[in-house]
Amino acid sequence: MAQEEVPMEWRQKFLGARGINMFLLATLTDATTNPLGPDNPLIVGLGLLTGLPGFGTGRFNITALSPATGSTPYSGNIGDSNVGGHVGPELKYAGFDHLVIRGQSSVPVYLVVANDNIEIRDASHLWGKDTWETQQIIKRESGDERTRVICIGPAGENLVRMACFITGLKDAAGGSGLGSVAGAKRLKAIAVRGTKDVSVAYPKELVEYFSEQTKRLMSQKWVKALGYLGTPLRMTAAKVGGWGEAAEFGVEGRVEEAEGLNAEKLLPYSLGMSACLGCAIHCRHRHLIKEGRYAGTRGEGPEYGALVGQGAALRNYDIESVTYLNDLCNRLGMEVNAGGMLSFAIELFESGLIGIEETGRPLKWGDRDTIEVLTQDIAYRRGFGDVLAEGKFALDRLPPEARRYLGFIKGAATSRREWKTVTSFVLSQLTASLPAHVYRSRPGIDILGLPAGALKALYGRYVDPDIKGYQGKAFMVWWHELLYAICDALGCCRFLTVFNSPHAPQYEEYRELLRLTTGWDLSIPKLQEIAERIYTVERLLLGRFGVGMRKDDRMPEIWLEVAGSEAAESKAKFEELLDEYYQLHSWDQNGIPTPETLERLGIVDLASLKGT
Amino acid sequence: MFHEALKEMAITIKVFGMLRSILGEASLVLDPPPATVHQLLNELSVRYGERVREELLDEGGNLDYAYGIFVAGEKLNNLSAKIEDGVEVVIASIIAGGDHSY
């Protein structure tokens, strides 16, 4: 075990969290690294401001090669997850900014990090426990209720490719199957307690600035709305505004039932709202179901993603069942809807491609009992669950026609097939440096209906106010990519930047926070250059895995099939958007960073890494 | 006959998000119907108090971005936008996040 200072050069080039994590991932792996092997580094990285007064600064990143999106079960792809809660800040107070975990233990272990010290402990007694029990046991053993824990559940232990980390009741580091990377290392948990001071450049001014900004934020309507109903708010607006998923609307004949998943339906179960450390928004419900079949269900959420994933996408419109399944996934340490595999499996069954002989039981839309059993079967790799636990690699064990039920973007499977109506959202998903990810660069404010003047004031150029328009949308995606890269590298939350509101903090506020915290006075172009560097390193990593070119920024064939006659025109328009997008990045017309760009960003060395 | 025709002119307002907690109602019928968003806000403010206008408008007196006022899937972005008779109007808080990736 070695400890070293984070070199100042890395700070200057990448700030922290996702930035430094990606640099480490690029330098510590190559194209042959097995994501479930000992050489895949599990990298925990705090933002430069994580744990300090700021804008949702409970956030940090966990990064490794993903076992879910590679070209084979043994090859990797870029994997990254941004997570909140309290464990990141606690790591800062323990004196660490990054952890790089390599190798593989022969027995289950967990890390105990406390004030400049790291210890490896036996976790045999924790193996098999769910994420909530694991955290409770570790806290009890530590004798300190303020010990913070991030851990995997049975899904991670069993190398389920949709496994995530959980900290607290529901904060998840998901989306890249990183729970199974920890499972392969037999790393059950990281427990953290820190009581060290953190030095900042201008402490008094920082606290004043934080108080003033927090007050300003908490007076804004979008913050109040999120603090009242949380992300489930999106259910209604997405439906009536037409930018949601088709599944949300409820399938034919069940539209009224789907209303049962609206945000307001959660209020009878809400005990109040909770937040990550120091956040002005309290965006998640603490829930308790007091009566009926699910009586005694306590937890956090469900978020919009779970209402759709465990609810509408499975035609399960029972909000109590969805809430229970949300908690079940969190306890198992697995993404809701097993990352889309549940709806995929039911669709295959209903279409007759697979039958009881494969699945062992009928799989039906809206059958909450089957959904519950199948969720557990996947996490424990029982029966047909073992097939689905392989994520997209389940296709190797399914009829060839099953492939038509998934779309692929840069190796990531997506069960979405509907034609999306928000141009900028589609472009951001297609070009995202984390394959198919919806938040890497989503220009969330595009759906607010801002007039052209307000958009020009924000972006400094014309952007079509129509969500279906094309002009300026490539710029919008590029602009948000850069902003979010800085947001992540600082450890701030994207919900507290220009995502839900044009009035949220962005570069000017980040500059001031950085100055008060570190004494650095970085210009906005300098911050954007750092963001460009981070995004370009990620593009190089995608290239290493064969998915970093123009061909990889296009819509899945199945989307185009569904689009029918509209496809040709849209396809051509998206090609034009890609031209503009690559120019903004100073990449070539094939979407590959040019030597000049690498030189300008000071990352020429990374381009020559093996496999790049 | 005349009465039935009038009834068809009424508009239904469905309310979601923060505004529902202010109005204390999930839906209401306005008859006679307002012809514009401006008139709609006036009518709601008369019935439920000035807080409605404060909630739906920003400091500059324009529609606040935190809300969407929709008719048949179309978002009405300014106070002078027309509202046809007999339609259903949805007023909802807007956020962009909470999505899943698969």
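The values are calculated or read from the model by the stated rules, or taken from the named source; none is laboratory data. Source: prediction; values computed, not measured. Counting neighbours? That spans all protein chains shown, and the Cβs are built from the backbone with ideal geometry, glycine included. Keep in mind that these areas ignore ligands, DNA and RNA; they rest on the heavy atoms of the full protein, side chains included. Shrake-Rupley method; radii C 1.70, N 1.55, O 1.52, S 1.80 Å.
Remarks
- Residue tally, condition in a helix (DSSP H, G or I) and under 14 Å from A:Leu434 (Cα atoms), over segment A:532-553: 13
- Odd one out for A:Tyr269, checked against (1) surrounded by 18 or more Cβ atoms within 10 Å (Cβ to Cβ); (2) more than 28 Å from A:Val149 (Cα to Cα); (3) more than 14 Å from chain B (Cβ to nearest Cβ): (2)
- Consider segment A:190-232 and keep the residues that are more than 8 Å from every other protein chain (Cβ to nearest Cβ), within 30 Å of A:Pro268 (Cα to Cα) and free of Cβ contacts under 8 Å to residues at least 12 places away in the same chain. The one that is surrounded by the most Cβ atoms within 10 Å (Cβ to Cβ) is A:Arg216.
- When residues of segment A:386-408 are limited to those that are modelled with pLDDT under 95 and touching a helix residue (DSSP H, G or I) at 6+ places or on another chain (Cβ under 6 Å), the one least open to solvent (accessible area, probe 1.4 Å): A:Gly407
- Condition met for A:Met235 (away from chain B (no Cβ under 11 Å) and either in contact (Cβ under 8 Å) with a residue 60 or more places away in the chain or at positive phi (or both)): no
- If you go through segment A:324-362 and pick out every residue that is assigned to a loop (DSSP other than H, G, I, E, B) and surrounded by fewer than 23 Cβ atoms within 10 Å (Cβ to Cβ), you end up with 8.
- Residues satisfying the stated conditions in segment A:90-107, i.e. open to solvent by 30 Å² or more (accessible area, probe 1.4 Å) and in contact with a Pro (Cβ under 9 Å, 6 or more places away or on another chain): A:Val100, A:Arg102, A:Gln104
- Some residue of segment A:242-259 being open to solvent by 20 Å² or more (accessible area, probe 1.4 Å), within 22 Å of A:Ser501 (Cα to Cα) and within 9 Å of chain B (Cβ to nearest Cβ): yes
- Among the residues making up segment A:2-31, those that are touching a Lys or Arg at 6+ places or on another chain (Cβ under 8 Å) and assigned to a loop (DSSP other than H, G, I, E, B) are A:Asp30, A:Ala31.
- Members of segment A:301-323 that are modelled with pLDDT of 95 or more, outside any loop (DSSP other than H, G, I, E, B) and open to solvent by 10 Å² or more (accessible area, probe 1.4 Å): A:Ile319, A:Glu320
- Meeting the requirement of 1 or more residues that are at the interface with chain A (Cβ under 8 Å from one of its Cβ atoms) and among the polar types (S, T, N, Q), the helices (runs of 4 or more DSSP H) wholly within segment B:17-102 are B:18-23.
- Of the residues making up segment A:51-59, none is closer than 26 Å to A:Val547 by Cα and in a loop (DSSP other than H, G, I, E, B).
- Residues that are open to solvent by 10 Å² or more (accessible area, probe 1.4 Å), aromatic (Phe, Trp, Tyr) and within 25 Å of A:Leu46 (Cα to Cα) within segment A:447-494 comprise A:Trp478, A:Trp479, listed in sequence order.
- When A:Glu401, A:Glu357 are checked against the criterion of being at negative phi and free of Cβ contacts under 8 Å to residues at least 40 places away in the same chain, A:Glu357 stands alone in meeting it.
- Of the numbered criteria (1) under 21 Å from A:Tyr535 (Cα atoms); (2) touching a strand residue (DSSP E or B) at 6+ places or on another chain (Cβ under 6 Å), the one A:Gly449 fails is (1).
- Residues that are free of Cβ contacts under 8 Å to residues at least 24 places away in the same chain, within 28 Å of A:Glu569 (Cβ to Cβ) and away from chain B (no Cβ under 13 Å) within segment A:439-492 comprise A:Lys456, A:Tyr459, A:Arg461, A:Tyr462, A:Val463, A:Asp464, A:Gln471, A:Gly472, listed in sequence order.
- Filtering segment A:302-329 to residues that are within 14 Å of chain B (Cβ to nearest Cβ) and touching a residue at least 60 places away in the same chain (Cβ under 8 Å) leaves A:Pro302, A:Glu303, A:Tyr304, A:Gly305, A:Leu307, A:Val308, A:Gln310, A:Ala312, A:Ala313, A:Val322, A:Asn326.
Residue-wise test of (1) surrounded by fewer than 17 Cβ atoms within 10 Å (Cβ to Cβ); (2) aromatic (Phe, Trp, Tyr); (3) outside any helix (DSSP H, G or I).
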site	(1), (2), (3)
A:Met555	no, no, yes
A:Leu560	no, no, no
A:Phe574	no, yes, no
A:Leu578	no, no, no
A:Gly591	no, no, yes
A:Leu606	no, no, no
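- Within segment A:495-522, considering residues that are within 14 Å of chain B (Cβ to nearest Cβ) and more than 19 Å from the chain's Cα centre (by Cα), the one surrounded by the most Cβ atoms within 10 Å (Cβ to Cβ): A:Ser501
- Per-region count, segment A:287-300, residues farther than 24 Å from B:Ile95 by Cβ and in a strand (DSSP E or B): 2
- Restricting A:Gly602, A:Gly548 to those that are touching a residue at least 40 places away in the same chain (Cβ under 8 Å) and in contact with a Gly (Cβ under 8 Å, 6 or more places away or on another chain) reduces the list to A:Gly548.
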